[in-house]
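Participant: Following this message is one structure expressed as structure tokens.
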Amino acid sequence: MPPSQGSAHPFRLLGVYAALLAVIYALVFFTGDHSPKPKLGIDLQGGTRVTLTARTPDGNEPSRESLQKAQEIIENRVNGLGVSGSEVVIDGTNLVITVPGEESQQARALATTAKLYIRPVLGATQPQTGGAAPQQPVPGAPSADPNAPGQAPTTGDPNAPATGDPATGDPATPAPEATTPAPQSRVFPAQAPPTPTPPPADLTPAQQQAKEIADAKALRQSTDQNMQQVAVMSMDCAKPDPLAGNDDPALPLVTCSQDGTEVFLLGPSRIDGQEIADATSGFNAQQARHEVNLEFRSTGTDAWAALTGEYVNKRVAFVLDSKVVSAPQVQQGPQLGGSTSISGSFTADSASELANTLKYGSLPLSFTTSEAETVSATLGLAALKAGLLAGAVGLLAVLLYCLFVYRMLGFLAGFSLIAAGFAVYGIIVLLGRWIGFTLDLAGIAGLIIGIGLTADSFVVFFERIKDEMREGRSFRSAVPRGWARAQRTNLSGKTVSLIASVVLYLLAAGQVKGFAFTLGVTTVLDVIVLYLVTAPLLMLAARSPFWAKPSVNGLGSVQQIARERGAGQVRPKEMSR
């Protein structure tokens with residue numbers, strides 16, 4: 001049997017693996033937060049817990065089905081791949097979210113109802129400050145300066161979807177119109193806001209919530225123009241919004257921008273967030289800002305083209321949970337194509353969170369969040385040290401076994417294990433940054449089992465070499481032939497292990513999913529190390545007179561058996577192959 005073609009250039013294969021390690025650690029040290037430490041799970045470092053209390057428009061308790069649906073959506077948002085170690089559990093009529101670390105803002109963001117509507121802007125002004133009357137712009141009119149805050153830039157592809165700076169900027173203030181304005185361009189007159197009446201003392205908390213939502217709808221979603229003007233005047237962007245996620249898309253809406261710098265009068269929704277087919281985040285290098293890119297379904301594409309064609313040189317608002325995320329000005333219309341983007345005061349993380357929230361859909365309920373509380377590690381650093389100690393003991397036991405049975409060849413196995421360990425560590429760090437992978441005790445167990453699987457590959461390879469030498473071949477010729485026979489067995493075993501990991505990952509949940517993920521990663525890496533490190537090292541050893549010595553490779557007894565067979569009898573024809 002001829003040697004495997006992949007073993008012809010051992011130095012080249014070792015160079016490929018060295019280049020892979022260089023790329024991995026270049027990404028570790030020169031991208032992201034540059035930290036070479038992996039993310040740890042809740043059981044090792046603790047976490048942050050936030051309790052979500054459902055708010056229904058009628059004040060009744062939410063149904064079990066709606067809570068389960070909300071739990072599923074939030075789990076997908078925070079733990080879409082099942083490897084971040086986050087937990088979402090139902091506690092009575094509440095949802096309790098626990099995320100690793102101290103990122104309380106991340107846990108709060110998960111409670112976003114994520115009801116997105118695209119509404120035309122009928123008017124916009126600054127909120128009142130210190131009791132003074134607001135400024136008097138002509139809302140909805142285009143700015144004379146194309147680069148004024150709140151407007152979309154005029155440069156770029158004229159066929160690109162309408163994008164723009166966030167609603168955080170203050171729109172330009174042209175002179176008031178002399179004629180009676182149209183409803184979408186009217187000036188908000190300075191009127192005194194109504195004096196709020198305190199709720200009756202005998203209302204239950206649920207009834208009080210229902211009353212707050214009903215009152216907010218009656219004021220801020222009225223079709224009466226005078227009531228709309230009163231709503232704009234009385235809008236306080238600094239207070240929590242009782243209407244969040246409960247607004248009626250078929251009615252107008254008075255609301256604030258997310259940062260509270262503008263008050264908007266918006267028309268009825270023209271496009272529902274359910275028309276979003278996909279949402280991703282990215283960095284717009286041309287505009288030097290982070291954006292959320294949306295892909296519409298077919299019906300949403302038609303509605304977007306109709307909306308932008310109708311509102312050329314006017315603003316449209318992306319409204320998330322009753323707050324305006326962005327209100328760009330449409331520069332050209334109609335905008336064809338099924339994609340657009342939301343711009344705002346986004347960081348890379350906040351843009352990614354918004355895209356993830358929109359991608360997995362809206363919650364069937366709106367929630368209020370409790371104060372974040374710190375959760376101590378359930379097992380802590382002592383368990384982490386115990387797990388790492390167990391891995392080190394296992395690695396040492398494997399090395400001692402290889403040295404005892406295979407002499408100096410055991411050092412080659414040990415070098416392969418160390419090379420695999422460096423790659424696994426770097427990959428775990430990168431997976432923590434890219435997909436939120438957290439290393440918990442279940443994951444450490446997967447790594448320890450991976451050590452055994454890697455050692456098993458060496459044993460199979462060495463035993464195939466011994467089989468070849470029993471047939472009378474030298475160490476130099478036995479290595480490539482043994483590799484050709486061993487790789488089939490190893491590939492079959494790794495394939496079975498990988499299939500088991502994939503099935504376990506798809507069917508399991510919680511920490512078991514993390515265990516399966518780690519086991520699958522180490523299995524794939526084992527094959528890479530076997531082909532790029534172990535096999536080339538043994539090919540080089542086969543060409544060295546030093547490694548051919550029986551006292552070095554520990555194969556003297558096998559050679560003695562071959563010599564006795566050759567002296568005592570003629571080998572059968574089938575053994576000469």
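Participant: Could you please tell me which pairs satisfy a Cβ distance under 7 Å, a separation of 6+ or placement on different chains, a first residue in the stretch 455-480 that is of a type in the set (K, R), and a second residue that is not in a helix (DSSP H, G or I)?
Facilitator: K466/L555; R476/R543
Participant: Please indicate, with yes or no, whether at least one residue in the stretch 565-575 is modelled with pLDDT under 80 and within 58 Å of the chain's Cα centre (by Cα).
Facilitator: yes
Participant: Within the bounds of the stretch 39-58, is there any residue that is at pLDDT below 85, touching a Gly at 6+ places or on another chain (Cβ under 8 Å), assigned to a loop (DSSP other than H, G, I, E, B) and within 20 Å of K359 (Cα to Cα)?
Facilitator: no
Participant: In the stretch 337-391, which residue that is of a type in the set (S, T, Y) and in a loop (DSSP other than H, G, I, E, B) is nearest to the chain's Cα centre (by Cα)? Spell out how you get there, then give the answer.
Facilitator: We begin by selecting, within the stretch 337-391, every residue of a type in the set (S, T, Y); these are 339-341, 343, 345, 347, 350, 352, 357, 360, 362, 366, 368-370, 374, 376, 378.
With the extra rule that they be in a loop (DSSP other than H, G, I, E, B), the set shrinks to 345, 347, 360, 362, 370, 376, 378.
Numbers: S345: 20, T347: 15, Y360: 12, S362: 17, S370: 24, S376: 24, T378: 25 Å.
Only one residue fits best here, namely Y360.
Participant: Checking L122 against (1) at pLDDT 75 or above; (2) among the hydrophobic types (A, V, I, L, M, F, W, C); (3) under 22 Å from L354 (Cα atoms), only one condition comes out false. Which one?
Facilitator: (3)
Participant: Show the residue pairs meeting these rules: Cβ distance below 8 Å; 6+ apart or different chains; first residue within the stretch 210-232 and without any contact (Cβ under 8 Å) to a residue 60 or more places away in the chain and at negative phi; second residue in a loop (DSSP other than H, G, I, E, B) and among the basic types (K, R).
Facilitator: Cβ pairs passing all conditions: Q225/R186.
Participant: While we're on this one: When the residues of the stretch 69-94 are filtered to those that are crowded, with 18+ Cβ neighbours inside 10 Å and assigned to a loop (DSSP other than H, G, I, E, B), which remaining residue is modelled with the highest pLDDT?
Facilitator: Filtering the stretch 69-94 for residues that are crowded, with 18+ Cβ neighbours inside 10 Å and assigned to a loop (DSSP other than H, G, I, E, B), the one modelled with the highest pLDDT comes out as S86.
Participant: Go through (1) touching a residue at least 60 places away in the same chain (Cβ under 8 Å); (2) under 26 Å from the mean Cα position of the chain (by Cα) one by one and return the number of the condition A535 breaks.
Facilitator: (2)
Participant: Hey, any hits in the stretch 451-473 for a residue that's assigned to a helix (DSSP H, G or I), within 25 Å of G387 (Cα to Cα) and among the acidic types (D, E)?
Facilitator: yes
Participant: Counting only residues that are among the hydrophobic types (A, V, I, L, M, F, W, C) and in a helix (DSSP H, G or I), which one in the stretch 200-224 is modelled with the lowest pLDDT?
Facilitator: A206
Participant: Tell me whether the stretch 310-326 contains one or more residues that are small (G, A, S), more than 23 Å from F283 (Cα to Cα) and either part of a strand (DSSP E or B) or in contact with a helix residue (DSSP H, G or I) (Cβ under 7 Å, 6 or more places away or on another chain) (or both).
Facilitator: Taking the stretch 310-326 as the starting set, the residues that turn out to be small (G, A, S) are 317, 322, 326.
Among the residues that remain, those that are also more than 23 Å from F283 (Cα to Cα) are: 322.
Among the residues that remain, those that are also either part of a strand (DSSP E or B) or in contact with a helix residue (DSSP H, G or I) (Cβ under 7 Å, 6 or more places away or on another chain) (or both) are: none.
Within the stretch 310-326 (the criterion being small (G, A, S), more than 23 Å from F283 (Cα to Cα) and either part of a strand (DSSP E or B) or in contact with a helix residue (DSSP H, G or I) (Cβ under 7 Å, 6 or more places away or on another chain) (or both)), the answer is no, since none of the residues qualifies.
Participant: Only one residue in N284, N313 is surrounded by fewer than 16 Cβ atoms within 10 Å (Cβ to Cβ), in contact with an Asp or Glu (Cβ under 6 Å, 6 or more places away or on another chain) and not hydroxyl-bearing (S, T, Y), so which one is that?
Facilitator: N284
Participant: Taking the stretch 392-420 on its own, how many of its residues are crowded, with 17+ Cβ neighbours inside 10 Å, assigned to a helix (DSSP H, G or I) and in contact (Cβ under 8 Å) with a residue 24 or more places away in the chain?
Facilitator: Keep residues of the stretch 392-420 that are crowded, with 17+ Cβ neighbours inside 10 Å, which gives 395, 398-399, 402, 406-407, 409-410, 412-414, 416-417, 419-420.
This time we only want the ones that are assigned to a helix (DSSP H, G or I), so: 395, 398-399, 402, 406, 409-410, 412-414, 416-417, 419-420.
Subsequent filtering for residues that are in contact (Cβ under 8 Å) with a residue 24 or more places away in the chain retains 395, 398, 402, 406, 409, 412-413, 416-417, 419-420.
The number of residues fulfilling the criteria is 11.
Participant: I've got another one for you. Taking the stretch 18-40 on its own, how many of its residues are without any contact (Cβ under 8 Å) to a residue 24 or more places away in the chain and either among the small types (G, A, S) or not assigned by TED's automatic domain parsing to the domain that holds P536 (or both)?
Facilitator: Residues in the stretch 18-40 being without any contact (Cβ under 8 Å) to a residue 24 or more places away in the chain and either among the small types (G, A, S) or not assigned by TED's automatic domain parsing to the domain that holds P536 (or both): 4 in total.
The values are calculated or read from the model by the stated rules, or taken from the named source; none is laboratory data. As the structure is a computational prediction, the values presented were derived from the model and not from experiment. Every residue, glycine as well, gets a Cβ built from its backbone with ideal geometry; the counts of neighbours run over all protein chains shown.
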